[in-house]
Amino acid sequence: MFSSYTMTTLRYHRDRCINCGRCSEVCPHAVFLAGDEKAELVRPESCMECGACAGNCPVRAIEVDSGVGCAWAMISAALRGKDMDQCSCGGEAGSCCAEPEKR
């Protein structure tokens, strides 16, 4: 099972990077830093999978599956009135990020 606390869907294709710096500008957790020739992936474990880096990369050097990680879990918990401290972020029934029950 995918654990959003220990893994992310972030994929960085360094060979495509043109070092524009956009990823480091938009990332709220400093996952990327501008390097000498390419962006440096320095804190992948801090990625909350918001998708800002991928959405702003002009050469598609970054991929992330938005809607599966911590950012999605926090938003879903807030919308459902649940407490993140009790959430497994796995989407199981009753968790903060589970799909709402269909009636």
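Summary of computed values
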{"quantity": "Long-range neighbours under 8 Å by Cβ, at least six apart or interchain, first residue under 11 Å from Tyr12 (Cβ atoms) and part of a loop (DSSP other than H, G, I, E, B) within the range 38-62, second of a type in the set (Val, Ile, Thr) and at pLDDT 90 or above", "calculated": "Val42/Val31; Cys47/Val31; Cys47/Val64; Ala61/Ile18"}
{"quantity": "Candidate set: the range 1-32, residues that are among the aromatic types (Phe, Trp, Tyr) and in a loop (DSSP other than H, G, I, E, B); chosen: the one modelled with the lowest pLDDT", "calculated": "Phe2"}
{"quantity": "Residues satisfying the stated conditions in the range 9-27, i.e. among the aliphatic types (A, V, I, L, M) and exposed (fewer than 14 other Cβ atoms within 10 Å of the Cβ)", "calculated": "Ile18"}
{"quantity": "Residue count, the range 33-65 (criterion: modelled with pLDDT of 95 or more and among the polar types (S, T, N, Q))", "calculated": "1"}
{"quantity": "Test: residue in the range 66-75 that is touching a helix residue (DSSP H, G or I) at 6+ places or on another chain (Cβ under 9 Å), surrounded by 18 or more Cβ atoms within 10 Å (Cβ to Cβ) and either modelled with pLDDT of 65 or more or basic (Lys, Arg) (or both)", "calculated": "no"}
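The values are calculated or read from the model by the stated rules, or taken from the named source; none is laboratory data. The structure displayed is predicted, hence computed values, not measured ones. Cβ: placed from backbone, ideal geometry, glycine included. Neighbour counts: every protein chain shown.
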